[in-house]
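What follows is a set of notes on a single structure, which appears directly below.
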Amino acid sequence: MPAYDRLERKDHADLRASGSEGAARANGVPVPHPAHPAPDAVPALQRSIGNAAVVRLLTERRETVGPAVTRTDSASPAHGGANVPVQREIKWHRQTGTDLVAFGQSLSGLVELAAQTVLHNADSVPVGGSGHIDRWHTAYRTYLESGKKDTDLVHARFGYAVEAVVQSWLETDKKLDHLLPDGYTIDFQVGSGNTRPDIRLLDSSKKAIAWFDVTSTEQVNHVLKKDGSGWTTKDYVAEVMYPKLDLSNLSPSDSGPAGAAKRRGQAKDKQQRKEQRIQALGKATREVYDSMTATSAKDKQNHFEVEMGKKVGDGAKLAPAAAKALLSRLNRAGYQRPEKITGKGRTETTTWPTAFGYSKVKFGQGGGKAADEFLDKLALDTGMASLSLS
């Protein structure tokens, strides 16, 4: 079982709770800034430049939006008496140095990207082997089947799905290993007393140096209520946050069940049109064959090239390469091959290229473009949509 299936059942509050944004502002926690990328922009960037590049972009975007809000809370032992920068995606509760700042910032970008990935691939999150992802897919289907009225399950499962994606990217894809100090390693969901941090960073001596909790912006500061002294004593302690679930942004993936059903329908239509095209090509070829009186290979070839050319609008003679490509495609489709009488008086089937005097014809050897152009004209003349037979 993958480690990210051992995620602790954290107290993820109902993400629909009211007044959360005002509460966040009251506590000095910035809420999403309009300069941050729109929800539909991240998946497009992810497809075009990849996850790692998007993480860097998100980090750079955060740095250019404006300085992080800083709050002084020297009375709180959780802050170690230090000025703690509070950003929209990450809140440091303890930060005794700068060695892991870059890791934390990039982790916040990764978490944000994971949330967008779940949102925009709701029926087919691209992480396999995770029970949490499977349960998220079930929750999304339940939500759709209820007419988008049953929202409890998607809210409950969203956070687990985000955490599973983040862990897969870190554990399997090693996306942030290059930001770790020498000798540092990452582990996940390792219990410490009655608590279980989502992510731990261990130094070269295998001592846990940093604890990270992946959570919703509506759950900021909830680590302060957790059991375990590590949340107030580790060198680095942070909550890395994803935005609250906005159901209006949920959408299926092109690679998911909905997209697959659409593609199956398109493939069926394409196959039907292709079969129609074969029948039209076969009928025209059969007519040319039945009208042929030539006996030599050269005359047979000329007959096909001239008479087949007359089947389309301009009536131009086919080029030999195009003629062979058409006959090869027809032969490959298995269309009613012609018969010939052997020297012993027996009737045998032959190939379409051979029937018209062509020898050593291989599928795809050339003439494909010209053949496609001919088929397009034939399709227009027979009232069928244009579609290549290759």
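The values are calculated or read from the model by the stated rules, or taken from the named source; none is laboratory data. Since this is a predicted model, take the numbers as computed values, not measurements. Virtual Cβ from ideal backbone geometry, glycine too; neighbours counted across all protein chains shown.
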Check: Any idea which of (1) crowded, with 17+ Cβ neighbours inside 10 Å; (2) in contact with a helix residue (DSSP H, G or I) (Cβ under 7 Å, 6 or more places away or on another chain) is the one ARG200 doesn't satisfy?
Finding: (2)
Check: in the same structural domain as ARG277 (by TED's automatic domain parsing), at pLDDT 85 or above and out of contact with any strand residue (DSSP E or B) (no Cβ under 6 Å at 6 or more places or on another chain): does that describe ALA333?
Finding: no
Next item on the list: Please specify each residue of the range 95-130 satisfying the condition of being at pLDDT 90 or above and in contact with a His (Cβ under 7 Å, 6 or more places away or on another chain).
Entry: none
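Kindly indicate whether any position in the range 163-170 is surrounded by 17 or more Cβ atoms within 10 Å (Cβ to Cβ), without any contact (Cβ under 8 Å) to a residue 60 or more places away in the chain, in the same structural domain as PRO243 (by TED's automatic domain parsing) and not hydrophobic (A, V, I, L, M, F, W, C).
Quick first cut of the range 163-170, residues surrounded by 17 or more Cβ atoms within 10 Å (Cβ to Cβ) only: 163-170.
Next cut, without any contact (Cβ under 8 Å) to a residue 60 or more places away in the chain only: 165-166.
If we keep only those that are in the same structural domain as PRO243 (by TED's automatic domain parsing) too, we end up with 165-166.
If we keep only those that are not hydrophobic (A, V, I, L, M, F, W, C) too, we end up with none.
No, the range 163-170 contains no residue that is surrounded by 17 or more Cβ atoms within 10 Å (Cβ to Cβ), without any contact (Cβ under 8 Å) to a residue 60 or more places away in the chain, in the same structural domain as PRO243 (by TED's automatic domain parsing) and not hydrophobic (A, V, I, L, M, F, W, C).
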